[in-house]
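**Q** Have a look at this one.
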Amino acid sequence: MKSASIRTFPDPILRKKTQAVTVFDRSLLKLVATLVRVMKSQSHGIGIAAPQIGVAKSVAIVDVSKRDPKTKRLILVNPVILEKKEPEARKEGCMSFPDYTAFLKRHRWVRFRWQNERGEFCEKISTGIEAICVEHEVDHLKGVLFIDHVTCLKTDLFPRSSSH
Ligand SMILES: [Zn+2]
């Protein structure tokens, strides 16, 4: 893989629906390692999806352990959200939109299923920031971006003031 960097909106790869992973081999492990490295290189990075580095495969990483020490890094292959509860309007950002944050509705409780990097099926309930991040990354794998959930781009989209 050529050196990976974050694809930013309106790169068309961000709108592509990803393909499910069916082969759990070394190239998948390499993709996971690259995603983790690129995510860690970004100061706001708590999650990343493969399309954000130009790969249209259903692979994402969620790691909110800095904000919620009870959590661990999740390697999500072919993730599917099964149930969501506790809607909440909140401000969030996305590495593919370095200049903006936005108010939108997420859920503070999600139940989801995925495969780990060895292809084993897993299921979990996440709450709080982890739930919100899982929802954001699973959206990326469907070509859905956080701006799609914003009710009014005029009032609910904000320039990101902090440096990154
Ligand atoms: Zn994002």
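Only the coordinates and a few stated rules stand behind these numbers; no lab work does. As the structure is a computational prediction, the values presented were derived from the model and not from experiment. Counting neighbours? That spans all protein chains shown, and the Cβs are built from the backbone with ideal geometry, glycine included.
**Q** When 1/r is averaged over all different Cα pairs and the result inverted, which Kirkwood radius in Å belongs to segment 36-90? Walk me through the numbers on the way to the answer.
**A** Values: mean 1/r = 0.0789 Å⁻¹.
Mean inverse Cα-Cα distance, inverted, gives 12.7 Å.
**Q** Please report, in whole Å³, the volume per residue of the convex hull around the C-alpha atoms of segment 62-138. Before the final figure, lay out each step's value.
**A** Numbers: hull volume 7.1 nm³, N = 77.
About 93 Å³ per residue, rounded to a whole number.
**Q** Return the Rg/Rh ratio of the chain with Cα-based radii and a Kirkwood Rh. If you can, show how the numbers build up before the last one.
**A** On the way: Rg = 14.9 Å, Rh = 15.9 Å.
My calculation puts Rg/Rh at 0.94.
**Q** Now for a different question. Under the rule that an exposed site lies in a DSSP loop and has at most 15 other Cβ atoms within 10 Å, name the longest stretch of the chain with no trypsin sites (Lys or Arg not before Pro) of that kind, not counting the sites themselves. Could you put the intermediate results ahead of the total?
**A** On the way: sites that count: Lys2, Lys16, Lys17, Lys66, Arg67, Lys70, Lys72, Arg73, Arg118, Lys142, Arg160.
Segment 18-65 is the longest.
**Q** While we're on this one: List, in the order given, every pair from Lys105/Lys154; Lys16/Lys57; Lys40/Lys72; Lys40/Lys142; Lys30/Lys57; Lys85/Lys124 whose Cα-Cα distance in the structure shown is over 18 Å. Don't skip to the answer; put the middle values down first.
**A** Values: Lys105/Lys154 16 Å; Lys16/Lys57 10 Å; Lys40/Lys72 14 Å; Lys40/Lys142 23 Å; Lys30/Lys57 13 Å; Lys85/Lys124 14 Å.
From the list (Lys105/Lys154; Lys16/Lys57; Lys40/Lys72; Lys40/Lys142; Lys30/Lys57; Lys85/Lys124), the Cα-Cα distance tops 18 Å for Lys40/Lys142.
**Q** For Val36 and Arg113 in the same chain, what is the full-extension length gain: residue separation times 0.36 nm, less their Cα-Cα distance, in nm? Mind showing how you got there, number by number?
**A** Working: separation 77, 0.36 × 77 = 27.72 nm, distance 2.03 nm.
The Val36-Arg113 span can extend by a further 25.7 nm.
**Q** Continuing with the same structure: Working out 0.36 nm times the residue gap between Glu88 and Ala20, then minus their Cα-Cα distance, what length gain in nm do you get to one decimal? Don't jump to the answer; show the numbers that get you there.
**A** Values: separation 68, 0.36 × 68 = 24.48 nm, distance 2.94 nm.
In short, 21.5 nm is gained.
**Q** So how far apart, in nm, are the two label points at Cys122 and Phe9 if each is 7 Å from Cα heading toward Cβ?
**A** 2.9
**Q** Viscosity 1.002 mPa s, temperature 20 °C: give me the Stokes-Einstein translational D for segment 1-98 in µm²/s, with Rh taken as the Kirkwood radius over C-alpha pairs. Intermediate values should be presented prior to the final figure.
**A** On the way: Rh = 14.5 Å.
The Stokes-Einstein estimate is 148 µm²/s.
**Q** While we're here: How big is the charge dipole of the chain about its Cα centre, in debye rounded to the nearest 20, if each Lys and Arg gets +1 on its Cβ and each Asp and Glu gets -1 on its Cβ? Working shown, then result.
**A** Working: 29 positive and 18 negative charges, 45 e Å.
That gives the chain a dipole magnitude of about 220 debye.
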